[in-house]
Amino acid sequence: MDFQERILHHFNDSIDAKTYASEVLPPFIEAASQMMVQALINDGKILACGNGGSAGDSQHFSAELLNRFERERPSLPALALTTDTSTLTSIANDYSYNDVFSKQIRALGQPGDILLAISTSGNSANVVQAIQAAHDREMSVVALTGRDGGNMASLLGQEDCEIRVPATSTARIQEVHLLVLHCLCDLIDHQLFGNDE
Ligand SMILES: O=C(CO)[C@@H](O)[C@H](O)[C@H](O)[C@H](O)COP(=O)(O)O
Ligand SMILES: [Zn+2]
């Protein structure tokens, strides 16, 4: 395969992953948006976490809520738990990397808040512990996963919502996660602030 063939292969794989996801994910994305809207209406906030590319997704999503997505509207309360290096390094150093998100949630999470937990494998131990901490704080969870949902899937209850991308490649799952996050931003704006046409 020459370089351009490789590139084409990535594009086609990504298109196929999104097409397949579009056949199964819409009801779950709708439900997750309604959970988030209800939390925001009730003065709750959204805390987001994940590792690597999913840390980037957490920050991408919280920025779109705090600042804006595609239209003018008031700031919405969201916080990525992946950004404060002093907090992250001290928790990892003194306790364990598995605690970096859960300790923040136990301090900042309030009943009625939402945890957005992002992992392509569903098996990142710090995200699994974040879900446990969120439940302890009476928060509901929106989980963005892939593959078989991993350990995260088995922890979720009736109040939670899993959006599981039907794919196995980390990169393809991440590409669909980003699209899902943009759908959530659009649906949140639409439900809170009405039609923008
Ligand atoms: O972005 C990528 C791969 O595309 C990596 O940084 C990836 O996010 C990291 O390996 C993560 O640690 C994977 O964690 P997870 O998705 O299994 O929870
Ligand atoms: Zn990546």
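The values are calculated or read from the model by the stated rules, or taken from the named source; none is laboratory data. Owing to the predicted nature of the structure, the values given are computational and were not obtained by experimental measurement. Because the Cβ atoms are built from the backbone with ideal geometry, glycine has one as well, and the counts that use them run over all protein chains shown. Surface accessibility is based on the protein's heavy atoms, side chains included, excluding ligands, DNA and RNA. Shrake-Rupley method; radii C 1.70, N 1.55, O 1.52, S 1.80 Å.
State which residue is nearest to ligand 1 (Cβ to nearest atom) when the search covers only the stretch 91-100 and only residues that are open to solvent by 30 Å² or more (accessible area, probe 1.4 Å) and without any contact (Cβ under 8 Å) to a residue 24 or more places away in the chain.
If we filter the stretch 91-100 for residues that are open to solvent by 30 Å² or more (accessible area, probe 1.4 Å), which is where we start, we get 92-99.
Subset that is without any contact (Cβ under 8 Å) to a residue 24 or more places away in the chain: 92-96.
On the way: Ala92: 14, Asn93: 19, Asp94: 22, Tyr95: 19, Ser96: 16 Å.
Within the stretch 91-100, the match that is nearest to ligand 1 (Cβ to nearest atom) is Ala92.
Do you know which residues across the stretch 173-182 are open to solvent by 50 Å² or more (accessible area, probe 1.4 Å) and either over 23 Å from Gly122 (Cβ atoms) or not aliphatic (A, V, I, L, M) (or both)?
Selection gives Gln174, Glu175, His182.
Residues that are in contact with a Lys or Arg (Cβ under 9 Å, 6 or more places away or on another chain) and touching a residue at least 40 places away in the same chain (Cβ under 8 Å): find the helices (runs of 4 or more DSSP H) completely inside the stretch 101-197 holding 1 or more of those.
Values: elements: 102-108, 125-136, 150-155, 170-193.
Passing ranges, in order: 102-108, 170-193.
Of everything in the stretch 102-138 that's among the β-branched types (Val, Ile, Thr) and touching a Gly at 6+ places or on another chain (Cβ under 7 Å), which residue is surrounded by the most Cβ atoms within 10 Å (Cβ to Cβ)?
The first filter runs over the stretch 102-138 and keeps only residues among the β-branched types (Val, Ile, Thr), leaving 105, 114, 118, 120, 127-128, 131.
Okay, now just the ones that are also touching a Gly at 6+ places or on another chain (Cβ under 7 Å), so 114, 118, 120, 127.
Numbers: Ile114: 25, Ile118: 32, Thr120: 27, Val127: 28.
So the residue we want is Ile118.
Consider Asp43 carefully, then state whether it is in a helix (DSSP H, G or I) and either within 16 Å of ligand 2 (Cβ to nearest atom) or open to solvent by 20 Å² or more (accessible area, probe 1.4 Å) (or both). Break it down into steps so the answer makes sense when it comes.
Working: in a helix (DSSP H, G or I): no; either within 16 Å of ligand 2 (Cβ to nearest atom) or open to solvent by 20 Å² or more (accessible area, probe 1.4 Å) (or both): yes.
No.
Could you check the stretch 20-69 and list, in sequence order, the residues that are among the acidic types (Asp, Glu), out of contact with any His (no Cβ under 9 Å at 6 or more places or on another chain) and over 21 Å from Glu138 (Cα atoms)? Lay out the reasoning, then the answer.
Looking only at the stretch 20-69, we keep the residues that are among the acidic types (Asp, Glu), and these are 23, 30, 43, 57, 64.
From what is left, the residues that are out of contact with any His (no Cβ under 9 Å at 6 or more places or on another chain) are 23, 30, 43.
Matches in the stretch 20-69: Glu23, Glu30.
Of everything in the stretch 139-156, what is open to solvent by 70 Å² or more (accessible area, probe 1.4 Å) and in contact with a helix residue (DSSP H, G or I) (Cβ under 6 Å, 6 or more places away or on another chain)? Give them in sequence order. Let's see the steps before the verdict.
Of all residues in the stretch 139-156, those open to solvent by 70 Å² or more (accessible area, probe 1.4 Å) come to 147-148, 151, 154.
Asn151, the sole residue that qualifies.
Just checking, which of Leu76, Leu88 is buried (at least 18 other Cβ atoms within 10 Å of the Cβ), out of contact with any Cys (no Cβ under 7 Å at 6 or more places or on another chain) and touching a residue at least 24 places away in the same chain (Cβ under 8 Å)?
Working: Leu88 fails: touching a residue at least 24 places away in the same chain (Cβ under 8 Å).
Leu76 is the lone residue from the list that is buried (at least 18 other Cβ atoms within 10 Å of the Cβ), out of contact with any Cys (no Cβ under 7 Å at 6 or more places or on another chain) and touching a residue at least 24 places away in the same chain (Cβ under 8 Å).
Out of Ala133, Ala107, Ala153, Ala143, report the one residue that is away from ligand 2 (no atom under 16 Å from the Cβ) and either within 17 Å of Met36 (Cα to Cα) or at pLDDT below 95 (or both).
None of the others qualify; the one that does is Ala143.
Given (1) open to solvent by 10 Å² or more (accessible area, probe 1.4 Å); (2) within 16 Å of ligand 1 (Cβ to nearest atom); (3) touching an Asp or Glu at 6+ places or on another chain (Cβ under 8 Å), where does Gly50 come up short, assuming only one miss?
Of the numbered conditions (1) open to solvent by 10 Å² or more (accessible area, probe 1.4 Å); (2) within 16 Å of ligand 1 (Cβ to nearest atom); (3) touching an Asp or Glu at 6+ places or on another chain (Cβ under 8 Å), the odd one out for Gly50 is (1).
Given (1) among the polar types (S, T, N, Q); (2) closer than 30 Å to Asp196 by Cα; (3) assigned to a loop (DSSP other than H, G, I, E, B); (4) within 16 Å of ligand 2 (Cβ to nearest atom), where does Ser75 come up short, assuming only one miss?
The number of the failed condition is (4).
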